[in-house]
Amino acid sequence: MRSFEYVSPTTKAQAVSLLAGNWGQTEVFAGGTDLLALMKDDVLAPKRLVNIKQIKDLQGVTYNAQGLRVGALTNLGELADDANVKKNYPALAEALIEAASPQIRNMATLGGNLCQRPRCWYFRNGFGLLPKDETGKELIIEGDNRYHAILANDGPAKFVSPSTIAPVLIAYAAKIRLEGPKGKRELPLEKFYVVPKTETEREHDLQPNEIVTEVVVPPATDAKAAHYEIRQKEAFDWPLAVAAVALRMNGSNVQSARVVMGYVAPVPWISMEAEQALSSQNISEDTAQRAAAAALRNAKALSHNSYKVQLARVAVKRALLKAASGGAA
Amino acid sequence: MADYGWPDAEHRTLIGKRITRVDSPVKVSGQAKYTYDVKRPGMLFGKILRCPYAYAKVVSIDASAAEKMPGVKAIHIIQGPNSTIHWAGDEVVAVAAVDEPTAEDAVRAIKVKYQKLSHLVSDAEPPKGAAQAQGPLSMDDIDDMLDNQVPARQMVEQIQQYGITSKPDEGTLKGLQEDGATDEVIKAIRAATVHPEAGSRPKSNYQKAAAQTLGDGEKAFAQAEVISEGLYGVPVITHCCLESHGSTSEWTDNDHLLVHMSTQNVSGIAGQMAEPLKIPATNIRVHQDHIGGGFGSKFSPDRWGIATAEVSKKAGGKPVRIMLERDSELKVAGARPSAYARVRVGAKRDGTIVAWQSESWGTGGPGGGGMPPIPYVFSIPNQRKEHTAIRNNIGPARAWRAPNHPQAAVITMCALDDLAAKLNMDPLDFFLKNIELGKPRQAIYTEELGIASDLMGWKQKWHPRGQNKSGNLARGVGLSLHTWGGRGHASDCDLTIHPDGSVDIKMGSQDLGTGTRTCILMVAADTLGIPMDTISLQIGDTMYPPSGGSGGSTTIGGVSSSTRRAAVDAREGLFAKVAPALNAQPAELESINGTVRVKGDSSRSLSWKEACSKLGAMPLTVRGKNPDKSKPPDLTNSGVGGVQMAEVEVDTDTGIVKVKKMVAVQDCGLVIDVKTAESQCHGALIMGISYSLFEEKVMDPTTGRMLNPDMQYYRLAGLNDIPELVVHMMTGKGYDERGVIGLGEPPVISPGAAISNAVANAIGVRVPFLPLTPDRVLGAFQKAGA
Ligand SMILES: Cc1cc2nc3c(=O)[nH]c(=O)nc-3n(C[C@H](O)[C@H](O)[C@H](O)COP(=O)(O)OP(=O)(O)OC[C@H]3O[C@@H](n4cnc5c(N)ncnc54)[C@H](O)[C@@H]3O)c2cc1C
């Protein structure tokens, strides 16, 4: 790891003022479970780390009629154990418990989870987010893309969005709040994820001198939600496909649905096709299967990842059946 | 003469029992010191600049900026200008500095210019026409064959058949001998025809060896009633030692070196470091207490080990530590050769196997690599085999626990299992039907298959392929057989009885975590008739008598034999001194439960301590050796058989395989410690599940670099991936009399084949290659049109 300056502001405003206006100079340091690995591997080499863990405003979980508010520094273990989360957002609680390992969940913050960098092995080996060789050849197209995107992969970005929490939060219609030199802003979580087109861009709608302050989730007691992951290993492994769904029912038929897939595209992927296919349907093997097929209709496999299309279909189908049969609870 | 033979079951107090390993307390409490834990006063930290290209020439190196950096103490060029680099991550420059970050900064400040050459990192089936007929062998080729553990007989045949490219000098021959060349191989080299013109011929990446035949394959296939054809294979995997490779070296004066090294070969390291460092081996002391895994990859000091000593020297002799980072560990410190084959096997309608044909290929990195011993275990009467070795730039191969056997098991046992399916036979019946081809171990295999079948519940669990499915979950069972040598290596053991009754043992062996310490103490204590904890054991140092490297499952046979001989001689020496005091002849005495007494007469006895006081002022030290023809009988033996069965569950929608149960039935002659023997099998099954389901060294074709040199994508089985493991050791009559035989490797041979066969049984189609990941399983379905 290269040497760097380390600062520990105690207010959001101080933190923002210590962050540089362009990427590469500074990084926000929360739990460090992702950032330190990237620095040790020399993928990132910031000149200054801004430790935000001393900022009290970024802590805390509250629940009221408006819904859930989670401070960016809340760690995944804490959030998974929160009684309100377990009761009112069971699919989120389940996604949290399936993530990483107990040790990591006790360090990893929600803000860091949503901002974690892609697991793409080209990126992690220092070839960049949109890896090319010196002749301009796209390494992922030519190379081993077994873990890469099957949707929204026609641009140079082929990595998959790594958070397994983001899809379920999006299914629950979460919003993310940011603070920077120009003040505060709030956006639907799905809008926070963007597909970079050049190597100087990142995969988040986050300015280099902005921080994530909190995540808010509207009440969801009227929703049937579920989260389903496909991982080869039982623990400590990256998923091959993730699906999160939230259904609002009218009697036994779907009034509205949200179907979000993870590990299929450079961003958490909302499938309008699946949502349409479900509209006014009751959930059965058959309709779940059809919605899953619709979700992947536009998938385009790379040379080594056609199996992921099948896995994503299975994840969507199983998430729907799980939601219909009572969800995560 | 004293009776050195192993006592029979009634006369053993410890041997053959279940004894907990003696080093458990220090390991679980964190007191055990691994090489990684060694901290020497004033120690510097070394780092290595590695070439990012898979195939390149070093053009120039400019280390001037690094030299000037504060805190940088020494820089040593490992491969200078004009060197050719054959794999990404190969060592170029070593640096020592006051701390790790400074050393890393220095490495980044060194400017190296490379000329890139075009690399090959694929080990896919050789393109048609690409293979070049194997020609005369260079000395490097022969060295590679030794590295790849090509059997001596096969090497001699090739040398005789193809000749050599240049006449080697005596030094080179000596080097080959040190690398394991047998006398027959050296003799063949001396006698070989020299073809100097072939030495300069450019070499294809694909070298095809002459076909090997047995019997009349063509005729046998023509007469076969059922023929099965298939594709099988295993990719390159790494050793992934949890304690990476590395050492700390320091010069205690101008020409004496102290080395702490993570190694499987304590006694053999000094000899390998002497020549490159130009000091006598006797001036090099090597020490190791505990090791965090080797699996066949830690026999040599390696280029980085020599470099550690070199930078230490340049830094005024200060201790320098270089332990590999995780990524280097996975990139350069060991890989198991791949092996793939297209196989045809033919049988009569009744299941009798008559013919085998295989076209195999695989890579062992730049050295190419030989054909695994196929067909494995079963000596099929008619055979035709062709093998193409791929020389490529993925990094060097090393012996990986039972070199070449796991590959051979997958290729053979999966091909035979497919044949059984085509014959509509239960593979258990099919293998038993052909068990005579498993000579000379047919009786052992038959007994083991029976036991394994009961432990697995095979008869209840086996169904014809693809017929045990409920919903999307399919269940299946599979089996495999294996064999291994395992004769004890050369070992010297010094055992001292002191006049105060204390006993110590010194031996330059190492305990790989297999229980070697425990077994040495069990043999000594059983022989001397005193408790294990009254004996002090020192191993892991070149100050102690040499004992062989721990490879080839040779350690237990070696150390238990030398310890037994030492303990018997020491006991007899003691009896000679004690006999007068008991008014008896030495031959009438026995030592048991801490007393020395006249056999069968407990009234004429002395406590062990009193007995030892009769030694007088001087302790009694004896040396036991293995082998030692002057002190028969032979206490070790060679040749074991094992059977394994696996039960799996496959999610046919996702292709995810879960192993539900594994059964291992294993013979290894006389078992010293049943508990550590079983542990060895448990460990092997876990490692086997890991390589069957997860492990693969993934190379990027464009950059030639490894894509998963980390533990997120180089995946190992975790606790939850390990199912019920049932281990049964064959002991008692028929086994004990054979003497002690090694066990480290055999139980890791069969899991790949057994699990692959279980998956085929569950889902009804063969997944050709390990690891059995969802993409491969779903791919096999797709290919079968299912
Ligand atoms: C072995 C392992 C397994 C894992 N498994 C899973 C899994 O199953 N599912 C899953 O979703 N994740 C998984 N993770 C990822 C893990 O959840 C993240 O590493 C973690 O959540 C990151 O949080 P952190 O607080 O440690 O962030 P850090 O490492 O401190 O930061 C990560 C990134 O986010 C930025 N950042 C952090 N906080 C903020 C903020 N408030 N504002 C702006 N930027 C910020 C940092 O600058 C950095 O770029 C795993 C990680 C490991 C090591």
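The values are calculated or read from the model by the stated rules, or taken from the named source; none is laboratory data. Here the structure is a predicted model, which is why all the values come from computation and not from measurement. Note that each Cβ is placed from the backbone with ideal geometry, even for glycine, and that neighbours are counted across all protein chains shown. The accessibility values were calculated without ligands, DNA or RNA, using every heavy atom of the protein model including side chains. Shrake-Rupley method; radii C 1.70, N 1.55, O 1.52, S 1.80 Å.
If you find the alpha carbon centre of region B:504-562 and of region A:205-259, how far apart are they in angstrom?
Centre-to-centre (Cα) distance: 58 Å.
Within the accessible area of chain B, what % is carbon and sulfur when the probe is 1.4 Å and the other protein chains stay in place?
The C+S portion of the solvent-accessible surface of chain B is 51 percent.
Mind grabbing the accessible area of B:HIS11 for me, 1.4 Å probe, Å², rounded to tens?
Accessible area, nearest 10 Å²: 130 Å².
Please state the charge dipole magnitude for chain A, taken about the Cα centre, from unit charges on C-beta atoms (+1 on K and R, -1 on D and E), reported in debye and rounded to the nearest 20.
320
In terms of Cα to Cα distance under 14 Å, which aspartates and glutamates are near enough to B:LYS314, apart from those fewer than 8 places away along the same chain?
Answer for B:LYS314, where 14 Å is the Cα cut-off: B:GLU67, B:GLU250, B:ASP253, B:ASP255, listed by chain and number.
What percent does the relative contact order of region B:567-650 come to when contacts are Cα pairs within less than 8 Å and at least six residues apart?
Averaging sequence separation for qualifying contacts and normalising by length gives 23 percent for region B:567-650.
For A:SER280, what charge total do you get from the other residues with a beta carbon under 15 Å from its beta carbon, if Lys and Arg give +1 and Asp and Glu give -1?
0
Does chain B come out rounded, prolate or oblate by the C-alpha gyration tensor, with a ≥ b ≥ c the root eigenvalues, rounded set by a/c under 1.5 and, if not, prolate when a/b is larger than b/c and oblate if not?
oblate
Which residues of region A:1-29 show a drop of at least 30 Å² in accessible area when all protein chains are present, compared with their chain alone (probe radius 1.4 Å, heavy atoms only, ligands and nucleic acids excluded)?
Those residues are A:MET1, A:ARG2.
Need the per-residue list for region A:236-278: every residue with at least 40 Å² less accessible surface in the complex of protein chains than in the chain by itself, probe 1.4 Å, sorted by number.
A:TRP238
Of the DSSP beta bridges with both residues in the protein assembly as shown, give the percent that are antiparallel, rounding to the nearest 5.
That works out to approximately 75 percent antiparallel.
Which shape class, rounded, prolate or oblate, goes with chain A when its Cα gyration tensor gives a ≥ b ≥ c as root eigenvalues, a/c under 1.5 marks rounded, and past that a/b bigger than b/c marks prolate?
Oblate shape, in that a/c is at least 1.5 and b/c is the bigger or equal ratio.
Counting each DSSP H run of 4 or more residues in chain B as -39500 (n - 2.57), what helix-only mean residue ellipticity at 222 nm follows after dividing by all residues, to the nearest 500 deg cm²/dmol?
After summing the helix terms and dividing by the residues of chain B, the value is -9000 deg cm²/dmol.
With the crude spin-label approximation of a point 7 Å out along Cα→Cβ, what separation in nm comes out for B:ARG303 versus A:ASN106?
Modelled inter-label distance: 4.3 nm.
To the nearest 10 Å², what's B:GLU197's accessible area with a 1.4 Å probe?
120
Quick one: length gained pulling B:SER470 to B:ASP504 fully straight, 0.36 nm per residue minus the C-alpha distance? Can you show the working numbers first?
Values: separation 34, 0.36 × 34 = 12.24 nm, distance 6.15 nm.
Taking B:SER470 through B:ASP504 to full extension adds about 6.1 nm, to one decimal.
Please compute the per residue accessible area over the protein assembly as shown with all protein chains in place, 1.4 Å probe, rounded to a whole number of Å².
About 38 Å² of surface per residue is accessible.
With +1 on each Lys and Arg Cβ and -1 on each Asp and Glu Cβ, how big is the dipole of region A:223-324 about its Cα centre, in debye rounded to the nearest 20? Write down the numbers at each step before the final one.
Working: 13 positive and 7 negative charges, 9 e Å.
Computed charge dipole of region A:223-324: roughly 40 debye.
If you place +1 on the Cβ of every Lys and Arg and -1 on the Cβ of every Asp and Glu, how big does the dipole about the Cα centre of region B:572-702 come out, in debye to the nearest 20?
Numbers: 15 positive and 17 negative charges, 216 e Å.
Magnitude of the dipole: close to 1040 debye.
How high is the relative contact order of region A:223-324? Use alpha-carbon pairs under 8 Å, at least six apart in sequence, and give a whole percent.
Value for region A:223-324: 29 percent.
Kirkwood Rh over Cα pairs of region B:1-113 into Stokes-Einstein at 25 °C, 0.890 mPa s: D in µm²/s?
134
Select from region A:114-131 all residues whose loss of accessible area on going from the chain by itself to the full protein assembly reaches 30 Å² or more (probe 1.4 Å).
By number: A:ARG119, A:TRP121, A:TYR122, A:ASN125, A:PHE127.
Give me the percent of accessible area attributable to carbon and sulfur for chain A, probe 1.4 angstrom.
Using a 1.4 Å probe with all protein chains present, chain A comes out at 50 percent carbon and sulfur.
Can you find, among B:VAL643, B:ILE189, A:GLY67, the residue sitting farthest towards the positive end of the charge dipole of the protein assembly as shown, where Lys and Arg contribute +1 and Asp and Glu -1 at Cβ?
A:GLY67
Distance from the Cα centre of region B:628-686 to that of region B:716-774, in angstrom?
7
With the dipole of the protein assembly as shown worked out from charges on the C-beta (+1 for Lys and Arg, -1 for Asp and Glu) around the Cα centre, which of B:VAL726, B:THR13, B:VAL598 lies farthest toward the positive end?
B:VAL726
How many Cβ atoms of partner chains, on average, are near each residue of B:700-710 if near means within 10 Å of its Cβ?
Shielding by partners across B:700-710 averages 6.
Any lysines with Cα under 17 Å of the B:LYS348 Cα? List them, leaving off those in the same chain fewer than 8 positions away.
Cα-Cα hits under 17 Å: B:LYS219, B:LYS422, B:LYS433.
Might you work out the accessible area of A:LYS197 for me, using a 1.4 Å probe with all protein chains in place, and round it to the nearest 10 Å²?
140
Skipping prolines and chain starts, which residues have an amide H placed within reach, meaning under 5 Å, of the one on B:VAL726, given they are 5 or more residues away or on another chain?
Amide H neighbours of B:VAL726: B:MET662, B:VAL663, B:ALA664.
Using a probe radius of 1.4 Å on protein heavy atoms only, what is the accessible area buried between chains A and B, both sides summed, to the nearest 100 Å²?
Summed over both sides, the interface buries about 3000 Å².
Do the sum for chain A: with -39,500 (n - 2.57) for every DSSP H run of n ≥ 4, divided by all residues, what is the mean residue ellipticity at 222 nm, to the nearest 500 deg cm²/dmol?
After summing the helix terms and dividing by residue count, I get -8000 deg cm²/dmol.
Along the charge dipole of the protein assembly as shown, pointing to its positive end and built from +1/-1 on Cβ of Lys, Arg, Asp and Glu, which listed residue (B:TRP361, A:VAL254, A:ASN153) has its Cα farthest out?
A:VAL254
Can you sort B:MET43, B:MET543, B:MET1, A:MET107 by solvent-accessible area, 1.4 Å probe, largest first? Mind dumping the intermediate values first?
Working: B:MET43 25, B:MET543 125, B:MET1 170, A:MET107 100 Å².
Ranked list, largest accessible area first: B:MET1, B:MET543, A:MET107, B:MET43.
Could you tally the net charge around B:HIS682, taking each other residue with its Cβ under 12 Å from the Cβ of B:HIS682, Lys/Arg +1 and Asp/Glu -1?
Charge balance in the 12 Å sphere: -1.
Holding the Cα-Cα limit at 24 Å, pick out from B:LYS57/B:LYS298; B:LYS33/B:LYS697; B:LYS187/B:LYS385; B:LYS167/B:LYS187; A:LYS300/B:LYS783 the pairs that are longer than that.
Numbers: B:LYS57/B:LYS298 27 Å; B:LYS33/B:LYS697 30 Å; B:LYS187/B:LYS385 27 Å; B:LYS167/B:LYS187 13 Å; A:LYS300/B:LYS783 19 Å.
Too far apart for the 24 Å limit: B:LYS57/B:LYS298; B:LYS33/B:LYS697; B:LYS187/B:LYS385.
Taking H as built 1.01 Å from N, whose amide H comes closer than 5 Å to the amide H of B:LEU537, not counting residues under 5 places away?
The answer is B:ILE505.
Compare B:HIS76, B:HIS728 by solvent-accessible area with a 1.4 Å probe and give them largest first, with all protein chains kept in place.
Solvent-accessible surface, decreasing: B:HIS728, B:HIS76.
Using 1/(1 + (r/R0)^6) with R0 = 60 angstrom and r between the beta carbons of A:ASN84 and B:LEU173, what's the FRET efficiency to the nearest 0.05?
Working from the Cβ atoms, E equals 0.20.
Which length gain, in nm to one decimal place, applies between B:GLU125 and B:LEU437 when the Cα-Cα distance is subtracted from 0.36 nm times their residue separation?
Values: separation 312, 0.36 × 312 = 112.32 nm, distance 3.00 nm.
Between B:GLU125 and B:LEU437, full extension yields an extra 109.3 nm.
Looking at region B:465-593, send over the antiparallel percent of its DSSP beta bridges, to the nearest 5.
The antiparallel proportion sits near 60 percent.
Percent antiparallel among DSSP beta bridges with both residues in chain B, to the nearest 5?
Bridges in chain B are about 75 percent antiparallel.
Of A:LYS132/A:LYS158; B:LYS439/B:LYS461; B:LYS461/B:LYS658; B:LYS68/B:LYS111; B:LYS47/B:LYS68, which pairs sit farther than 20 Å apart, going by alpha carbon to alpha carbon? Please report the intermediate quantities before stating the final value.
Numbers: A:LYS132/A:LYS158 12 Å; B:LYS439/B:LYS461 28 Å; B:LYS461/B:LYS658 16 Å; B:LYS68/B:LYS111 14 Å; B:LYS47/B:LYS68 16 Å.
Among A:LYS132/A:LYS158; B:LYS439/B:LYS461; B:LYS461/B:LYS658; B:LYS68/B:LYS111; B:LYS47/B:LYS68, the Cα-Cα distance tops 20 Å for B:LYS439/B:LYS461.
Taking A:LYS224 as the anchor, which lysines have their alpha carbon closer than 16 Å to its alpha carbon, excluding any fewer than eight residues away along the same chain?
Within the straight-line limit of under 16 Å, A:LYS224 reaches these lysines: A:LYS86, A:LYS87, A:LYS317, A:LYS322.
When Lys and Arg each count +1 and Asp and Glu each count -1, what net charge do the other residues less than 15 Å away from B:GLY171, Cβ to Cβ, add up to?
Around B:GLY171, the charge tally is -3.
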